[in-house]
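Each remark here refers to the structure printed beneath this line.
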Amino acid sequence: MAEVVTQESSVELGHRAAARAETRMLVDGELVEAASGARFDNVSPATGRVLGGAAAAGAPDMQRAIGAARRAFDETDWSTDRAFRQRCLHQLQTALEAERDLLADELIAEVGCPAMTVGNAQLDWPVAESLRYPARLIDEFEWERTLAGGGLFGERNVRVVVKEPVGVVAAITPSNFPIEVTLNKLGPALAAGNTVVLKPDPNTPWNATRLGRLIAEHTDIPPGVVNVVPTPDNEVAELLATDPRVDMVSFTGSTEVGKHLLRQGAETMKRSFLELGGKSALIVLDDADPDRIIPAAIGVCVHAGQACASTTRMLVHRSLYDDAVAAVTAAFAAVPVGDPALPGTVVGPVISAAQQQRILDACDEACAEGAEITTGGGVVTDLPDHLTGGHYVQPTVVVGVDNSAPIAQREIFGPVLVILPFADDDEAVRIANDSVFGLAGAVLSGSAERGMAVARRVRTGAIGVNGGMFYGADAPFGGFKQSGLGRQCGLEGFQQYLETRTIAHRVPRRQ
């Protein structure tokens, strides 16, 4: 018998979100439909039902948006008027806060993220920090500095190092944490003086189109400075990487797509910021507090494992391995899976049927190669009727493989944890670093000093020790190796959107 829904379900929430959604794109200061009139469906990952639609940009729309951004950068004072930029960011901050609850509904509906996540990294954390921090940097940043010395043949030079915006930035964002990534691109890019063409993931367009409406209706941001152009057409999106009017591509997503964009942008030597995939390691040392193991492992289940920084490889000292496998298996089997609109849900759907199938195929391949799945590995079958069209995967624990197995090397992007044993700290570090990725990680140890020593040897862009949280608008985030190029957030993330020039002038000798 189907479960009786006693609280608001994803169906009801989806209806409410659809009624309030902005479905037009923002191009050159106007909220418009596609020139062709084309639209595409926005599908709920929780139910499989169509929530509504959004304008589907074609090549003429994208070219118009790029042209508007180019013109706004070249012909207005946006790039030079810092006080004005700061005021506009504060206006956008106020508008975001006023529509926070509407954004939360949209995220749960179109992303399928559990309601519990909107109170942290999915929404509230970025809304609190991601515009305020770069707006503050406008006042604090050293935009110019003077170098001492220099000159030839006894003459004196005055040399000034100047920081200025890159130009037109193409911001391409993913479906898993869309408003978080968007704000952490848009905030520093605009604060630095750039203009932006934002292309959201076609699975989650409404949070971006809402942002476009807020910019158009509640800020003084000039036409063309921000353009929001959703499209399901990859060829249209690729114009952002090939058009010579675009100076920089800022992309968050898979490593393979990142490589593709990098190759495309090479012809015009575009600046690239790429925040890509990961296969991060959680290292459990032999002196770790056993009570910390399950909370650390369960992080892989939150939002169905759709986080690039998830620690999807758990490396456990052999003395703790058997107990850890048993405990984590029991915990994963008991994690609440279901409707993301309900407050107790930890594991909601993955974003699409295609992604669901990729996860299931990876689990089947691992089993065929000798792995043991101690829990999960399939679709969720005991769902209420209103969720039977959704894309749910059981929380899954995989053992019986070594670190060379595909399931231990590839980013699965689902609620799948591989547990691997190690003999000592050196082997743990070796296994952790034996990956093409280097995005994030974690260490559990009874000794903060030992935990820090191990963490410093792991080649990742960010790592936490004993639950330490590295996230923040002021903290640079990004990866080593094939996890990307550059950093998002922090001073380094702000500088990502700046160019550097040196201007020298000769000081004549006194007569």
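The values are calculated or read from the model by the stated rules, or taken from the named source; none is laboratory data. Being a predicted model, the structure only gives us computed values, none of them experimental. Backbone-built Cβ (ideal geometry, glycine too); neighbour counts: all protein chains shown. With ligands, DNA and RNA removed, areas are computed over all heavy atoms of the protein, side chains included. Shrake-Rupley method; radii C 1.70, N 1.55, O 1.52, S 1.80 Å.
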Q.
With the requirement that a residue be without any contact (Cβ under 8 Å) to a residue 60 or more places away in the chain and among the basic types (Lys, Arg), what does the stretch 130-149 give you?
A. Arg136, Arg145
Q) Here are some conditions: (1) outside any loop (DSSP other than H, G, I, E, B); (2) open to solvent by 40 Å² or more (accessible area, probe 1.4 Å); (3) among the polar types (S, T, N, Q). Gln93 meets all but one. Which one does it not meet? A) (2)
Q) Taking the stretch 250-272 as the search range and keeping residues that are surrounded by fewer than 21 Cβ atoms within 10 Å (Cβ to Cβ) and of a type in the set (A, V, I, L, M), which one is nearest to the chain's Cα centre (by Cα)? A) Val257
(Q) Quick check on my filter: what residues within the stretch 220-244 are open to solvent by 10 Å² or more (accessible area, probe 1.4 Å) and under 19 Å from Arg71 (Cα atoms)? (A) Asp220, Ile221, Pro222, Pro223, Leu239, Thr242, Asp243, Pro244
Q) Pick from Pro384, Pro336, Pro340: which is under 29 Å from Glu8 (Cβ atoms) and crowded, with 24+ Cβ neighbours inside 10 Å? A) Pro340
**Q.** Selection count where residues are over 27 Å from Gly338 (Cα atoms), of a type in the set (Asp, Glu) and assigned to a strand (DSSP E or B), scope the stretch 19-75
**A.** 1
Q. What number of residues in the stretch 360-383 are in contact with a helix residue (DSSP H, G or I) (Cβ under 8 Å, 6 or more places away or on another chain) and farther than 18 Å from Val43 by Cβ?
A. 12
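Just to check your reading of the model, which residue among Leu320, Leu315 is under 20 Å from Asn466 (Cβ atoms), touching an Asp or Glu at 6+ places or on another chain (Cβ under 8 Å) and in the same structural domain as Gln355 (by the TED database)?
Testing whether each residue is under 20 Å from Asn466 (Cβ atoms), touching an Asp or Glu at 6+ places or on another chain (Cβ under 8 Å) and in the same structural domain as Gln355 (by the TED database) leaves just Leu320.
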Q) If only one of Ser319, Ser310 is at pLDDT 95 or above, within 17 Å of the chain's Cα centre (by Cα) and hydroxyl-bearing (Ser, Thr, Tyr), which one is it? A) Ser310
Q.
For the structure I just gave you, tell me whether Thr374 is at pLDDT 95 or above and assigned to a strand (DSSP E or B).
A. yes
Q.
Take the conditions over 30 Å from Ala104 (Cβ atoms), more than 24 Å from the chain's Cα centre (by Cα) and open to solvent by less than 60 Å² (accessible area, probe 1.4 Å) and apply them to Asp247. Does it pass?
A. no
Q: May I ask you to say which residue of Thr375, Thr311 is surrounded by 21 or more Cβ atoms within 10 Å (Cβ to Cβ), among the hydroxyl-bearing types (Ser, Thr, Tyr) and touching a residue at least 40 places away in the same chain (Cβ under 8 Å)?
A: Thr311
Q) Can you spot a residue in the stretch 273-289 that is open to solvent by 20 Å² or more (accessible area, probe 1.4 Å), out of contact with any His (no Cβ under 8 Å at 6 or more places or on another chain) and not assigned by the TED database to the domain that holds Asn42? A) yes
Q: Identify the residue in the stretch 61-86 that is over 14 Å from Val197 (Cβ atoms) and either aromatic (Phe, Trp, Tyr) or out of contact with any helix residue (DSSP H, G or I) (no Cβ under 9 Å at 6 or more places or on another chain) (or both) and, among all such residues, is least open to solvent (accessible area, probe 1.4 Å).
A: Trp78
Q. Regarding Gly212, is this residue under 13 Å from Ala65 (Cα atoms), touching a Leu at 6+ places or on another chain (Cβ under 7 Å) and either touching a residue at least 60 places away in the same chain (Cβ under 8 Å) or assigned to a helix (DSSP H, G or I) (or both)?
A. yes
Q.
Against the conditions (1) in contact with a Cys (Cβ under 6 Å, 6 or more places away or on another chain); (2) open to solvent by 50 Å² or more (accessible area, probe 1.4 Å), where does Arg318 fall short? Just the number, please.
A. (1)
Q) Is it true that Pro134 is closer than 29 Å to Asp41 by Cα and assigned to a helix (DSSP H, G or I)? A) no
Q | 1 or more residues in contact with a Ser or Thr (Cβ under 7 Å, 6 or more places away or on another chain) and open to solvent by less than 10 Å² (accessible area, probe 1.4 Å): qualifying helices (runs of 4 or more DSSP H) within the stretch 395-506 | A | 448-457
